[in-house]
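Read through the structure below, which is laid out as structure tokens, and then see the notes.
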Amino acid sequence: RKIYNYSSSLWIVAGGIYMGGACVGLVWIRGDLDNGLLVIMWILFLVWASDCGAYAVGRIVGGPKLAPKISPNKTWAGLAGCIISAGIVGAVIAQIAVLNNLFELIIISSFIGLVSQMGDLIESAVKRYHGVKDSGNLIPGHGGMLDRVDALLAAIIAVVFISLISKGPLLL
């Protein structure tokens, strides 16, 4: 006789809310016909640049580990590379889209870059908690599909919250 595990059910519900909330947030962002597509492209470029900047600077500079028990290869230098890369994306988007809020967008982009790395760390921590190396085998040699979108999910949620707090769409 198997005993029902309520803890597993709570993790499934939490994961569903987190991933579902990010998907709903993405649709909500895109629904802004004035600049929804621009915001989505900004988020994508920002997350990609953050990941690349973190990897490149972390590999080149090295240094102390950020969270060795959760993700042993992440360094503080990599986190700095992530934040700087995200800020650069904000500056480029502000120039391309001819936005007036250059400094504000650099700060917000840097913050979203930080949040995206935290999303990556949270996903790694959850996998370690459950003793799972990979979250799936759809992409061979990778940590699973969730590993490909963990930073993106966190970034989308952060953009939605910032948009709600500022009572208007970003990038205006």
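The values are calculated or read from the model by the stated rules, or taken from the named source; none is laboratory data. Because the structure is a prediction, the values reported are computed rather than measured. Here the Cβ is made from the backbone with ideal geometry for all residues, glycine too, and neighbour counts use every protein chain on show. Ligands, DNA and RNA are stripped out before the accessible areas are found, and what is left, the full protein with its side chains, is counted by its heavy atoms. Shrake-Rupley method; radii C 1.70, N 1.55, O 1.52, S 1.80 Å.
Some points to look at:
- Computed 3J(HN,Hα) for the stretch 108-116, one whole-Hz value per residue from the Karplus formula 6.51 cos²θ - 1.76 cosθ + 1.60 where θ = phi - 60°, is 5, 4, 4, 5, 5, x, 4, 4, 5, glycine and proline marked x.
- Largest first, the residues PHE103, PHE161 sort by 1.4 Å accessible area into PHE103, PHE161.
- Of all accessible heavy-atom area on the stretch 19-135, the percent that carbon and sulfur account for (1.4 Å): 71 percent
- Its Kirkwood hydrodynamic radius, worked out from the mean inverse distance over all distinct Cα pairs, puts the stretch 56-98 at 11.3 Å.
- Per residue, the convex hull around the alpha carbon atoms of the stretch 1-131 comes to 113 Å³.
- For the stretch 68-132, trypsin sites (Lys or Arg not before Pro) are listed when DSSP marks them as loop and at most 16 other Cβ atoms sit within 10 Å of their Cβ; the list is LYS69.
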